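Asker: Below is one structure. I have some questions about it.
Derivation of every value follows stated rules applied to the coordinates shown; laboratory data play no part. Because the structure is predicted, anything quoted here is derived from the model rather than measured. Note: ideal-geometry Cβ built from the backbone for every residue, glycine included; neighbour counts use all protein chains shown.
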Amino acid sequence: MLSRLLILFCIALSTATGHAADARIVLDTAEQHARLQARGLPGKIDISLGQIDLSRLPDCTAHEAFTPQGARPIGRTHIGVRCLAPNSWSVLVPAQIAVTGNYVTTRRPILAGQTVQADDLAVLAGDVSQLPTGVIENPAQAIGKTLRNSLGAGQPLRADQLLAPLVIRQGQTVRVVSRGSGFSASAEGKAINNAAVGQVAQVRMGSGQTVSGIAQADGSVEIAF
């Protein structure tokens, strides 16, 4: 009787140990995936994983992590781990991915259409995973640009709230430069639309032909062949 109880105890211990090992592997797989996904983010990365219960799942020898559809890459999210062999199952591991870094806020209220100056901005440090997507990290990304909408003091500044200054305005005369392998030619035309640096500008040439090119910092339009 004692021998039978001892065998049952060993089996139970072995099973429990197997589940514990599986859970650790799943958590390690999830953490590695989270760190890989967050590798390009600026700042210090801190990953905390929640508890998972694998007691009802069969053993697994091959694991693969994945990002569930709609999951955020940072903040409070989930990381998926699936079993590839010898069984097939998947679990979602709760995770908190905090990224401590710098971000830019408004020092005082700024009105829509106003050009952003250096003294309008402040740089703070904190968990950027709790901030809206697209918050800028460096004041240089905002200085000289104009706001699409008014902001109060202390508001995080997003890239999509900023407009680059126009270098080409509709109706003005612009120089169109055509460049190709071993040649360069230029001519003048009338701008059909407004454009900032890097945006597409359309120009009506003297012949009546309309061409499209990229607005340059000097106010010209470049067409590359």
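Asker: Compute the long axis of helix 2-37 from its Cα atoms, compare it with the longest principal axis of the Cα atoms of the chain, and write down the angle in degrees, 0 to 90, nearest 10.
Answerer: Its long axis makes an angle of about 10 degrees.
Asker: Taking the Cα centre of the chain as origin and charging only Cβ (+1 Lys, Arg; -1 Asp, Glu), how large is the dipole, in debye to the nearest 20?
Answerer: 440
Asker: Apply the Debye scattering formula to segment 65-186, with a single equal point scatterer on each alpha-carbon and no solvent, then give log10 I(q)/I(0) at q = 0.11, 0.18, 0.20 Å⁻¹.
Answerer: -0.63, -0.93, -1.04
Asker: Okay, next question. For semi-axes √(5λ) of the Cα gyration tensor in Å, one of (1) 31, 17, 17; (2) 35, 23, 13; (3) 58, 24, 12 was computed from the structure I shared and the rest are decoys. Which label?
Answerer: For semi-axes √(5λ) of the Cα gyration tensor in Å, the calculated option is (3).
Asker: Ok, one more. Pop out the ³J(HN,Hα) list for segment 208-219 in order, Karplus 6.51 cos²θ - 1.76 cosθ + 1.60 with θ = phi - 60°, rounded to Hz; leave Gly and Pro as x.
Answerer: x, 6, 9, 10, 10, x, 9, 5, 9, 4, 8, x
Asker: If you don't mind, there's one more thing I want to ask. Of the beta bridges DSSP finds with both residues in the chain, what % are antiparallel, to the nearest 5?
Answerer: Around 95 percent of the beta bridges assigned by DSSP in the chain are antiparallel ones.
Asker: Would you tally the net charge around Ala125, using a Cβ to Cβ cut-off of less than 15 Å, leaving Ala125 out, and scoring K and R as +1, D and E as -1?
Answerer: Here the charged neighbours net out to -2.
Asker: What's the longest piece of the chain with no exposed trypsin sites (Lys or Arg not before Pro), counting a site as exposed if DSSP puts it in a loop and it has at most 11 other beta carbons within 10 Å?
Answerer: Result for the longest clean stretch: 57-225.
Asker: Using helices alone, I'd like the mean residue ellipticity at 222 nm for the chain: each DSSP H run of four-plus residues gives -39500 (n - 2.57), total over residue count, nearest 500.
Answerer: Result for the chain: -6000 deg cm²/dmol, rounded to the nearest 500.
Asker: For segment 166-224, give the share of DSSP beta bridges that are antiparallel, in percent and rounded to the nearest 5; count only bridges with both residues there.
Answerer: Antiparallel bridges: around 85 percent, rounded to the nearest 5.
Asker: Further question: Express the relative contact order of segment 166-224 as a whole percentage, based on alpha carbon pairs under 8 Å and six or more residues apart in sequence.
Answerer: RCO, segment 166-224: 36 percent.
Asker: How many angstrom lie between the Cα centre of segment 43-70 and the Cα centre of segment 131-192?
Answerer: Cα centroid to Cα centroid, the span is 43 Å.
Asker: Next question, about the same structure. Which one of Val177, Val93, Val135 has the biggest mean-square fluctuation once the chain is modelled by GNM with Cα springs under 10 Å?
Answerer: Val177
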